[in-house]
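Student: Below is the structure I would like to discuss, written out as structure tokens.
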Amino acid sequence: MKPKYTNSARYKCLEYLKKHSVDLYLSYCGMEECDPGHFYGPIARSEYLIHYILSGKGMYQVDGKTYQLGKNDAFIIYPDEITFYQADKDNPWTYIWVGFGGAKAESCLNYASLNKDNRVGVFKCKDELLRCVKGMLNASKLTYANDLKREGFLFMFLSALINENNSNELHNVHDYPYQIYVEHALEFIDHNYEKDIKVNDIANYIGIDRSYLTNIFKKIMHISPQQYLINYRLEKARNLLKSTNLSISEISEQVGYPDPLSFSKIFKMYYKISPTEYRNQSDVLVNASKKGE
């Protein structure tokens, strides 16, 4: 089916009914400067539909409730439910809308705190949301490249809503199981241990705070992230001491210790032997420190 597209100063709409993605797909989008008292419904939709108010006022009715809405408000319409909405007669609203579906559609809305128990939300990311809808509308020609653009803008639109909702929470929002965060922490350490990184750097990379990272890391790995980072670096150092002719200073720098004296000190504290002595002896050394495990 061809996209339905109208381009005018007052009204733009794109309907794209080919559903390429099972997880999340764009059905249509648009924006409109409504006439005073302009209404839509009562009607049921077959997709999830978000309206975001750029300016003006209006009202929204669903499930026996009426909501008076204005600038920066968004309201959600669920598939197969009867809704009615109308622009204010004195100060009619201008809004953008995005219709979408897919297996992950409802979970995305929940992350943005838009659901049947919370039909309306306030979002200040107006410029970002408008930019996404304009991007979808400008990619109206039916090409594969534009298919990807439209889907990409849909993801960014929902991401903006979710990101602002999370930033408004009084507590930290953690979307994934412990294991996922810990796996990302381990990957970050593996790729960056040679740099002067701290636990705060790991937490910031993942997007959680240090105390939460430390807590879940201990639950999964039975050791603190700080202790794991030290053990990881020292194990790399041991391998380099035995397998290369690099100087102690070079090895120190390669495992994340810019100061070779600090490296030698912590190496000896953990293994009860200096790096030079370790290189010169042939016995397998057992880590003498179990602190933090």
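Student: Apply the Karplus parameterisation 6.51 cos²θ - 1.76 cosθ + 1.60, with θ equal to phi minus 60°, to every residue of segment 259-272 and state each ³J(HN,Hα) to the nearest whole Hz, in sequence, with x for glycine and proline.
Tutor: Using θ = phi - 60°, the values come out as 9, x, 5, 5, 4, 4, 5, 6, 4, 5, 5, 7, 10, 6 Hz.
Student: Under the definition of Cα pairs under 8 Å and six or more residues apart, what whole-number percent is the relative contact order of segment 4-168? Working shown, then result.
Tutor: Working: 354 pairs, mean separation 41.0, N = 165.
The normalised contact order for segment 4-168 reaches 25 percent.
Student: Provide the gained length on full extension for the span Met156 to Tyr232, in nm with one decimal, where the gain is 0.36 nm per separating residue minus the Cα-Cα distance. Mind showing how you got there, number by number?
Tutor: Numbers: separation 76, 0.36 × 76 = 27.36 nm, distance 3.68 nm.
Length gained, Met156 through Tyr232: 23.7 nm.
Student: I've got another one for you. Any idea what the dipole of the chain comes to, in debye rounded to 20, about its Cα centre with Lys/Arg Cβ at +1 and Asp/Glu Cβ at -1? Don't skip to the end; give the middle numbers.
Tutor: Numbers: 36 positive and 35 negative charges, 61 e Å.
In debye, rounded to 20, the chain gives about 300.
Student: Determine the gain in length on full extension of the stretch Arg279-Arg210; use 0.36 nm per residue of separation and subtract their C-alpha separation, reporting nm with one decimal.
Tutor: Details: separation 69, 0.36 × 69 = 24.84 nm, distance 3.55 nm.
Result for the pair: 21.3 nm of gain on full extension.
Student: Which one of Met59, Cys34, Ile82 is farthest out on the positive end of the charge dipole of segment 4-168, using unit charges on Cβ (Lys, Arg +1; Asp, Glu -1) and the Cα centre as origin?
Tutor: Ranked along the dipole, the leading option is Cys34.
Student: Hey, another quick one. What ranking do Cys132, Cys108 get, fewest neighbouring Cβ atoms within 10 angstrom at the top? Intermediate results must be reported in sequence, preceding the final value.
Tutor: Details: Cys132 24, Cys108 21.
Listing Cys132, Cys108 from fewest to most nearby Cβ atoms yields Cys108, Cys132.
Student: Which one is right for this structure if Cα extents along the principal axes in Å is calculated from it: [x] 65, 49, 32; [y] 86, 40, 29; [z] 68, 57, 31?
Tutor: Matching the structure shown: [y].
Student: Another one. For the charge dipole of segment 178-280, defined by +1 on Lys and Arg C-beta atoms and -1 on Asp and Glu C-beta atoms about the Cα centroid, which residue among Val255, Ile220, Ile273 has the Cα displaced farthest towards the positive pole?
Tutor: My answer, from the dipole projection, is Ile273.
Student: Could you run the Karplus curve 6.51 cos²θ - 1.76 cosθ + 1.60 with θ = phi - 60° over segment 127-139 and give me ³J(HN,Hα) per residue in whole Hz, x for Gly and Pro?
Tutor: Per residue, the Karplus-derived 3J(HN,Hα) values read 4, 5, 5, 5, 4, 5, 5, 4, x, 4, 5, 6, 9 Hz.
Student: Past 24 Å, Cα to Cα, is the threshold; run Lys57/Lys124; Lys195/Lys219; Lys124/Lys198 against it and keep the listed order. Walk me through the intermediate numbers first.
Tutor: Values: Lys57/Lys124 16 Å; Lys195/Lys219 26 Å; Lys124/Lys198 34 Å.
Long pairs (Cα-Cα over 24 Å): Lys195/Lys219; Lys124/Lys198.
Student: Sequence gap at least 6, Cα distance under 8 Å: using those rules, report the relative contact order of the chain to the nearest whole percent. Spell out each step's value before the answer.
Tutor: Numbers: 481 pairs, mean separation 38.1, N = 293.
Relative contact order here is 13 percent.
Student: Grab the Cα-Cα distance for Ser107 and Asn245, subtract it from 0.36 nm times how many residues apart they are, and report the gain in nm with one decimal.
Tutor: Details: separation 138, 0.36 × 138 = 49.68 nm, distance 5.45 nm.
Value of the extension gain: 44.2 nm.
Student: Still on this structure, please answer the following. Calculate for the chain the 222 nm mean residue ellipticity that helices alone would give, adding -39,500 (n - 2.57) per DSSP H run of length 4 or more and normalising by residue count, nearest 500 deg cm²/dmol.
Tutor: Details: 10 runs with 124 residues, N = 293.
After summing the helix terms and dividing by residue count, I get -13500 deg cm²/dmol.
Student: Return the distance in nm (one decimal) between the two label points of a simple spin-label model at Asn72 and Asp117, each offset 7 Å from Cα along Cα→Cβ.
Tutor: Inter-label distance under the simple model: 2.5 nm.
Student: Holding the Cα-Cα limit at 21 Å, pick out from Lys218/Lys272; Lys242/Lys265; Lys12/Lys65; Lys12/Lys104; Lys71/Lys126 the pairs that are longer than that. Intermediate values should be presented prior to the final figure.
Tutor: Details: Lys218/Lys272 26 Å; Lys242/Lys265 19 Å; Lys12/Lys65 29 Å; Lys12/Lys104 27 Å; Lys71/Lys126 9 Å.
Pairs exceeding the cut-off: Lys218/Lys272; Lys12/Lys65; Lys12/Lys104.
Student: At a threshold of 8 angstrom on Cα-Cα distance, excluding pairs fewer than six apart, so keeping six or more, what relative contact order does segment 178-280 reach in percent? Could you put the intermediate results ahead of the total?
Tutor: Details: 92 pairs, mean separation 25.8, N = 103.
Across segment 178-280, relative contact order equals 25 percent.
Student: Continuing with this model, one more query. Can you return the aspartates and glutamates within cross-link range of Lys116? Criterion is Cα-Cα under 18 Å, with same-chain partners fewer than 8 residues away left out.
Tutor: Partners found: Glu47, Asp63, Asp73, Asp80, Glu81, Glu106.
Student: Determine, for Asp23, Asp147, the number of other Cβ atoms within 10 Å of each Cβ, and report the residues in order from fewest to most.
Tutor: On the way: Asp23 11, Asp147 17.
The order, fewest Cβ neighbours first, is Asp23, Asp147.
Where a number appears in this text, it was derived from the coordinates with a stated rule and is not lab data. Bear in mind the structure is a predicted one, so any value in this text is a computation, not a measurement. All Cβ positions, glycine included, derive from the backbone under ideal geometry; neighbour counts span all protein chains shown.
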